[in-house]
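Structure, as structure tokens:
The values are calculated or read from the model by the stated rules, or taken from the named source; none is laboratory data. No experiment lies behind these values; they were computed from the predicted model shown. Cβ placement follows ideal geometry from the backbone for every residue including glycine, while neighbour counts extend to all protein chains displayed.
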Amino acid sequence: MCSSASWVVGPAVIRMLQGKPTKLNCKPTKKKNTKQPKKKFKVSESPTILIDEETDGRLARVLSRELPAECYLSFLRVVIKLKKQATRIKQASATRLLKRQGSTESVSGSIPILDRACTISDIRFREVQSIKELHPEDERVQKIMEGKRLLGQRLENFKLKMQTVGDDGNCQFRSFSHQLYGTEDYHGLVRATAMDQISKQNRDYYQMFFDTCVDLDRYIEGMSKSRKWGDELTVKAVSDAYGVDIHVVQSTPDNWYLHYDPEIRKVQKSLFVTYISPIHYNSIIVPNKQLLPRLSYTHTNGG
């Protein structure tokens, strides 16, 4: 019983009870947008770069095999050549498959380097996402895990540790951000800086890795997007843009150390990252600087 309660009935409800047509004011309430807008970094933004010249020099000297500074250029050219060969093989294979299916079409023509890069990146990203679903005895998973163990042994020999960064497709730029600023949060800024280097600051240099200007433009457009996997060109671009040398310790059995020199050194800083081939970059940290041998080291400007 609710005899003591007071009820207030609006006119619209009374009209409904009387069977008369009525129009209720049922405007949906606007939900507040609780999502934080994505921050677009500008190259002009400049957080403080962490400098520890002595530690960087000692660590660089430990890792360095005294490779010629121009080695990175030959390496990049070989990578581009291999990708072109792989593309031609895929085209021929696709054409044969169409013929077996009774089609008269053929797969031909030059695929822009952006398409090749996107295909490789997308496949690698999907493979990373599905690794957990694969059986642990899968040959590819075993190879990656073996490489990771080998990389761990190398770092242990050098008294180094690996700082794991996010695996959202931005890992290369996250690793460089951690090396530069002590946090991976500025990965968007690092990506923007690298793409500015490729598209504006030294476009003629990077053009030689592409067949046409259109190919380079498409590459820049794709690589400028978040979650697009970085490649060898972006490593070089970060090195040139910040004027730092970059040391990459890989998980591969051979040729596991890569060194990128900048065209012009702008700051006495070196970046040290790991690469678990072919899926992920991480940052290298020195847990105990006293364990590094005190060797003389002089920075040189790359040409």
- Message: Return the residues of the range 169-198 that are under 18 Å from residue 239 (Cβ atoms), out of contact with any Leu (no Cβ under 8 Å at 6 or more places or on another chain) and without any contact (Cβ under 8 Å) to a residue 24 or more places away in the chain; say none if nothing qualifies.
- Response: 187
- Would you check if there is a residue in the range 223-245 being touching a Leu at 6+ places or on another chain (Cβ under 9 Å), aliphatic (A, V, I, L, M) and farther than 20 Å from residue 280 by Cβ? yes
- Query: Restricting attention to the range 213-250, and to residues there that are surrounded by fewer than 20 Cβ atoms within 10 Å (Cβ to Cβ) and free of Cβ contacts under 8 Å to residues at least 40 places away in the same chain, which single residue is farthest from residue 268 (Cα to Cα)?
  - Reply: 213
- Out of all the residues in the range 158-168, which are assigned to a loop (DSSP other than H, G, I, E, B), touching a residue at least 24 places away in the same chain (Cβ under 8 Å) and of a type outside the set (D, E, K, R)? 158, 160, 164, 165
- Query: Counting only residues that are of a type in the set (S, T, N, Q) and surrounded by fewer than 20 Cβ atoms within 10 Å (Cβ to Cβ), which one in the range 136-181 is modelled with the lowest pLDDT?
  - Reply: 142
